[in-house]
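Structure first, then comments.
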Amino acid sequence: MRTLYHHWLCPFSREVRIVLGEKKLAFEMVVERVWEQRPEFLALNPAGEVPVLVEPNSAVLAHSRAITEYLDEIQPEPPLMGGDPLVRAEVRRLVGWFDDTFNRDVTATLVGEKVIKRQMNRSGGPDSRLIRIGYQLIRQHLDYLGWLTERRRWLAGDSFSLADIAAGAHLSAVDYVGDVPWQDFPAAKDWYARIKSRPSFRPLLTDHLPGIPPPAHYADLDF
Ligand SMILES: N[C@@H](CCC(=O)N[C@@H](CS)C(=O)NCC(=O)O)C(=O)O
């Protein structure tokens, strides 16, 4: 069996879960408390980060981009990278945008400060200055997302791709903590409604972290 080491609100792990769902590849999940730095886990990934995917033949893959592109190569249907080199470059740019820029500006500040810090029992409460910055910056990102979807059917062009998956994974983690001002950004909201209704996305909507329930609209397709 294929095994994914993950953490519930880790956007990078969520990307891999969605890709496995799109590709209809069966897998089991193991929650890894990365902050414990278990020697057995460090032996799988010396970076000490989730996601890590262990294949049925025991091959070990680490890093979300390495894993998602690998899965797209071994299971080409449905294609998630685009066939044209220019489209592939745009898919990669946008995956980088969400995994690097959006993550730094929004996911790491809102989800990181409010939930992950608490789970890791790190000293000190959430940094309210960082959270305020996250609230400001998410508005710019939602504006950009809406701008893209008003010009293209999906984020990188005509087809659903890893770019939509990366954006959906990050936004779903932020939505779990109730911090996405969807009502002010109707174009981004329309795009997210389409993402939410995909079967590959449904399992994420049933996630419930012990002691940290999601807001009511989190799993609602008509939010
Ligand atoms: N660039 C990596 C980032 C993965 C990452 O940051 N994972 C976080 C959880 S979302 C982690 O495992 N952090 C471990 C730690 O901070 O000790 C990827 O795309 O896979």
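The values are calculated or read from the model by the stated rules, or taken from the named source; none is laboratory data. Quantities reported herein were computed from a predicted structural model and do not represent experimental measurements. Quick reminder, even Gly has a Cβ in these numbers, built from the backbone with ideal geometry, and neighbours come from all protein chains shown. When the accessible area is computed, the model is the full protein with side chains, heavy atoms only, and any ligands, DNA or RNA have been set aside. Shrake-Rupley method; radii C 1.70, N 1.55, O 1.52, S 1.80 Å.
Residue 61 satisfies every condition listed in (1) without any contact (Cβ under 8 Å) to a residue 40 or more places away in the chain; (2) within 22 Å of residue 29 (Cα to Cα); (3) within 13 Å of the ligand (Cβ to nearest atom); (4) part of a helix (DSSP H, G or I) except (4).
Residue pairs whose Cβ atoms lie under 9 Å apart, separated by 6 or more positions or on different chains, with the first residue in region 93-119 and closer than 15 Å to residue 169 by Cα and the second among the aromatic types (Phe, Trp, Tyr) and within 9 Å of the ligand (Cβ to nearest atom), are 99/12; 103/12.
Total residues in region 40-54 satisfying the condition of being of a type outside the set (Val, Ile, Thr), near the ligand (Cβ under 8 Å from one of its atoms) and either open to solvent by 50 Å² or more (accessible area, probe 1.4 Å) or within 26 Å of residue 205 (Cα to Cα) (or both): the figure is 3. Quick one: in region 65-79, of everything that is more than 13 Å from the ligand (Cβ to nearest atom) and touching a residue at least 12 places away in the same chain (Cβ under 8 Å), which residue is most open to solvent (accessible area, probe 1.4 Å)? Here the answer is 77. Scanning region 137-167 for residues that are more than 25 Å from residue 204 (Cα to Cα) and either out of contact with any helix residue (DSSP H, G or I) (no Cβ under 9 Å at 6 or more places or on another chain) or not assigned by TED's automatic domain parsing to the domain that holds residue 185 (or both) yields 151, 152.
Looking for something aliphatic (A, V, I, L, M) and open to solvent by less than 10 Å² (accessible area, probe 1.4 Å) - is there at least one such residue anywhere in region 125-136? No - not one qualifying residue is present in region 125-136. Taking every residue in region 139-160 that is closer than 15 Å to residue 82 by Cβ and pairing it with any residue that is acidic (Asp, Glu) and outside any loop (DSSP other than H, G, I, E, B), at least 6 positions away or on another chain, the pairs with Cβ-Cβ distances below 6 Å are 154/164; 155/164; 156/90.
Which of the residues spanning region 1-39 are within 15 Å of the ligand (Cβ to nearest atom) and either open to solvent by 80 Å² or more (accessible area, probe 1.4 Å) or over 19 Å from the mean Cα position of the chain (by Cα) (or both)?
Correct list: 33, 35, 36, 37, 38, 39.
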